[in-house]
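So the structure is just underneath, and the comments pick up after that.
The values are calculated or read from the model by the stated rules, or taken from the named source; none is laboratory data. For clarity, every value in this text was computed on a predicted model and none was experimentally measured. FYI the Cβ positions are ideal-geometry reconstructions off the backbone, even for glycines, and counts take in every protein chain you see. When the accessible area is computed, the model is the full protein with side chains, heavy atoms only, and any ligands, DNA or RNA have been set aside. Shrake-Rupley method; radii C 1.70, N 1.55, O 1.52, S 1.80 Å.
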Amino acid sequence: DLIGLENILTFVESGNFPFVIEETNYFHLEILMELADYTLKDEIQKSPNKRIGEAKLLNYMRQITTGLLNASKKHYAHLDLKPANILIFKNNAKIGDWGGSVFLKHNQGGSISLIGSQEAIAFSEAFASPEFLASCYDDEGINFNLHLCDIYSLGILVLNCCGIPLKE
């Protein structure tokens, strides 16, 4: 569903490839994707004062926001937005690592169901919204808009790009 959307990492190919361990055949999944020049995390670390310039930051945020909007239109929430998951291609930013994302099913009456297991969601606490973190530790589950969690993470990502250190 996310294939071909602007500012989202392009999936090229996958398949099961055999390999041998102690004369026993196993198969493992290989996923081939675009090769980025570097990540936003790399760029922050190499930048003076660990800050990205305003013009470049605005350009990246526009592109990341476009990617999030496109994913949202397809009912996906990323839930692990952080500098290490933003891949840079010649000054173009794309969102990668969709392995912990969720598909949100819109039900009649306006409610939203999470498709998949909440326990399987991967995220970085430093970039996760307070509502999302609280939902991970209580029995009530998720009763809020998960797309807003990505917007919160985007705001924390901007702070990180402005020189405020966060531990991923």
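Overview of values
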| quantity | calculated |
| --- | --- |
| Test: L9 is among the aliphatic types (A, V, I, L, M), closer than 30 Å to A134 by Cα, at pLDDT below 90 and surrounded by fewer than 18 Cβ atoms within 10 Å (Cβ to Cβ) | no |
| Count of segment 29-43 residues which are in a strand (DSSP E or B), under 20 Å from the mean Cα position of the chain (by Cα) and either surrounded by fewer than 17 Cβ atoms within 10 Å (Cβ to Cβ) or modelled with pLDDT under 95 (or both) | 5 |
| Residue within segment 44-62 that is open to solvent by 70 Å² or more (accessible area, probe 1.4 Å), touching an Asp or Glu at 6+ places or on another chain (Cβ under 9 Å) and modelled with pLDDT of 95 or more present | yes |
